[in-house]
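J.: Sharing a structure, written as C-alpha cells. Questions coming.
Any read-out appearing in this document is the output of simple, stated calculations on the displayed coordinates, not a laboratory observation. All of these numbers come straight from a predicted model, not from anything done at the bench. Methodologically, a virtual Cβ is constructed for each residue, glycine included, from the backbone with ideal geometry; neighbour enumeration extends over all protein chains shown.
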Amino acid sequence: MALYLHGYDNVAMYDGSWTEWHQDATTPRDDVATMLARSPVPPP
Amino acid sequence: MPRHPDRQIFVSVDWLAAHVHDANLRIMDARFAPPTAAYPRGDAVYAAGHIPGAIFVHWRQDLSTNTPPVPNRLLEAEAFAATMGQYGVDAATTVIIYDPGNENWAARIWWALKYYGHDQVYVLQGGATAWQAAGHSWTTAVVQPPPTTFVARPRPAMRATKAQVLQAIDDPATTIIETRQQHTIADAGGTVQGAFWLPSTTVYASNGASRDLIPEAELDRYLQAIGADRAASLVAT
C-alpha cells in the first residue's frame, strides 16, 4: 500500500508467500543474513 | 516511473465524522489479531464498540480461503463478490476501512478490493485509535447493510503467483521486496531468493498511539538504493 501511495503502480503482491513458498522445499531461498547483506538499511 | 503525488489512500477522522451517515458509504472494522495474541479477538473488540455504521470484517475468516495446503489466500472472484454483496458494497459504494491504527490489516482489505477492481476504497488514517482520541462517537449498535451486487474485476497485475515469483528471481527487471520481520523470515526458513528487505513496520512512523506512513522522500531513498524506481515491476512478499 505504501508503494502504491507513493506512485508505484507496478507492484504485485505474492499472496501466499507466508505459506505456499515455504511448503515447497525446492523454492529458491536466501537466509536472513544473505538478505541483509544485499539490502540497504531500511528507513529508520 | 510515473508518480502520483496527489494519490489518496487515507481519509482523516474528521472527514469520516462528516460523512459517517452518507448513504453510499460502507465502513469496515478490520481489527484483527492472530488467535495466539493476548489482544482480544477482533470480533470481540468490535462488539465492545466501534465506529457507527461499521460492519466487522475478519480478513482470514471472511475474505480468505481457509483450506489446505495454502490457507489465508484471498477468496476467488466469485466468492469475494458474493461476500462484498452481502456487505452491501457495489460499484457506487465508498468503502472506508479501519483497524487499531497500524494499518496492516486495513491495508490487506484495501488491497483485496483494489485487486478486484473497486477504486472507491480508503483507509482511515490513525484507525480506531485516532477516531476515539478525537472524541468522535462510538457505538455497540450492529448494522445489517442491505445486500447488493458486487462485480469483481480482477487486476492480475496486482497479484503475483508462485510461478511468477520463480520467474522474477531471474528477471533483472523485477525487484522482489520482503516485508516480514527478521524472526518471521528465519522461522519460515528464509525469504525468496534475491529479495531486498523492507519490513512493513519501517514504512510507518509513530504518531501518538497510531502510525502514519513515512514521508515519501524517506521511502524513495530506500527504493532508489535497491533499484525499485527503475524496475519494470515489483513483487512484494
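J.: How big is the charge dipole of the range B:132-184 about its Cα centre, in debye rounded to the nearest 20, if each Lys and Arg gets +1 on its Cβ and each Asp and Glu gets -1 on its Cβ? Provide the component values of the computation, followed by the final result.
T.: Details: 5 positive and 3 negative charges, 43 e Å.
With Lys and Arg at +1 and Asp and Glu at -1, about 200 debye.
J.: Can you sort B:SER200, A:SER17, B:SER12 from fewest to most other Cβ atoms within 10 Å of each residue's own Cβ? Could the numbers behind the result be given before it?
T.: Details: B:SER200 18, A:SER17 24, B:SER12 15.
Fewest to most other Cβ atoms nearby, the residues stand as B:SER12, B:SER200, A:SER17.
J.: How high is the FRET efficiency from B:GLU76 to A:LEU36, r the C-beta distance, R0 45 Å, rounded to 0.05?
T.: Details: r = 36 Å, r/R0 = 0.80.
That gives a FRET efficiency of 0.80.
J.: Which residue, B:LEU25, B:LEU213, B:LEU166, has the most motion in a Gaussian network model of chain B that connects Cα atoms within less than 10 Å?
T.: B:LEU166
J.: Hey, another quick one. With N set to the number of residues, divide the alpha-carbon radius of gyration of the protein assembly as shown by 2.2 N^0.38 Å and report two decimals. Write down the numbers at each step before the final one.
T.: Working: Rg = 18.7 Å, N = 281, 2.2 N^0.38 = 18.7 Å.
Its radius of gyration relative to the 2.2 N^0.38 Å reference: 1.00.
J.: Top mean-square fluctuation among B:PHE196, B:PHE56, B:PHE80, Gaussian network model of chain B, C-alpha springs under 10 Å?
T.: The residue with the greatest mean-square fluctuation here is B:PHE196.
J.: Just want to confirm a number: the relative contact order over chain B, from Cα pairs under 8 angstrom separated by 6+ residues, in percent.
T.: Working: 375 pairs, mean separation 48.1, N = 237.
Answer for chain B is 20 percent.
J.: Kirkwood hydrodynamic radius, the range B:95-164, all distinct C-alpha pairs: what's the number in Å?
T.: Values: mean 1/r = 0.0705 Å⁻¹.
One decimal place: 14.2 Å for the Kirkwood radius.
J.: Which ordering of B:ILE55, B:ILE177, B:ILE169 is given by a fewest-first count of other beta-carbon atoms within 10 Å? Don't skip to the end; give the middle numbers.
T.: Numbers: B:ILE55 19, B:ILE177 26, B:ILE169 16.
Arranged by neighbour count, lowest to highest, B:ILE55, B:ILE177, B:ILE169 become B:ILE169, B:ILE55, B:ILE177.
J.: Could I ask something else about it? Please give the length that would be gained between B:VAL143 and B:ALA92 if that part of the chain were fully extended, namely 0.36 nm times their separation in residues minus their C-alpha to C-alpha distance (nm, one decimal).
T.: Full-extension gain reported as 16.5 nm.
J.: In addition: Based on Cβ point charges of +1 for Lys and Arg and -1 for Asp and Glu, what charge dipole magnitude is obtained for the range B:10-155 about its Cα centre, in debye rounded to the nearest 20?
T.: My answer is approximately 280 debye.
J.: Let me ask something else. For B:THR67, B:THR83, B:THR149, which order do you get if you count the other beta carbons within 10 Å of each Cβ and list the fewest first?
T.: On the way: B:THR67 8, B:THR83 17, B:THR149 11.
Taking fewest neighbouring Cβ atoms as first place, the list is B:THR67, B:THR149, B:THR83.
J.: For B:106-116, what's the mean count of beta carbons from other chains sitting within 10 Å of each residue's beta carbon? Don't skip to the end; give the middle numbers.
T.: On the way: counts 1, 4, 3, 0, 2, 5, 2, 0, 2, 3, 0.
Mean shielding count: 2.
J.: Nearest 0.05, what FRET efficiency do B:ALA23 and A:ASP24 give at R0 = 45 Å with Cβ-Cβ as r? Spell out each step's value before the answer.
T.: Details: r = 48 Å, r/R0 = 1.06.
In this case the efficiency is close to 0.40.
J.: Further question on the same structure: Given a cut-off of 29 Å, what percent of all Cα-Cα pairs of chain B lie beyond it? Display every interim value, and only then the final one.
T.: On the way: 8893 of 27966 pairs.
Looking at chain B, the distances longer than 29 Å represent 32 percent of pairs.
J.: Using only atoms on other chains, find how many Cβ atoms lie within 10 Å of each Cβ of peptide B:193-204 and report the average.
T.: Details: counts 6, 6, 7, 6, 9, 6, 2, 2, 1, 5, 7, 2.
Other-chain Cβ atoms within 10 Å of each residue's Cβ, averaged: 5.
J.: Further, regarding this structure: Which residue fluctuates the most in chain B, going by a Gaussian network model with Cα springs under 10 Å, if the choices are B:GLY101, B:GLY85, B:GLY126?
T.: Maximum fluctuation in the GNM of chain B, among the listed residues, is at B:GLY85.
J.: Can you tell me the Rg and Dmax of chain A, counting just the alpha carbons, in angstroms?
T.: Reported Rg and Dmax, both Å: 13.8, 35.
J.: Let me know the charge dipole size of the protein assembly as shown about its Cα centre in debye, to the nearest 20, where only the beta-carbon of Lys, Arg (+1) and Asp, Glu (-1) is charged.
T.: So the dipole magnitude of the protein assembly as shown works out to roughly 120 debye.
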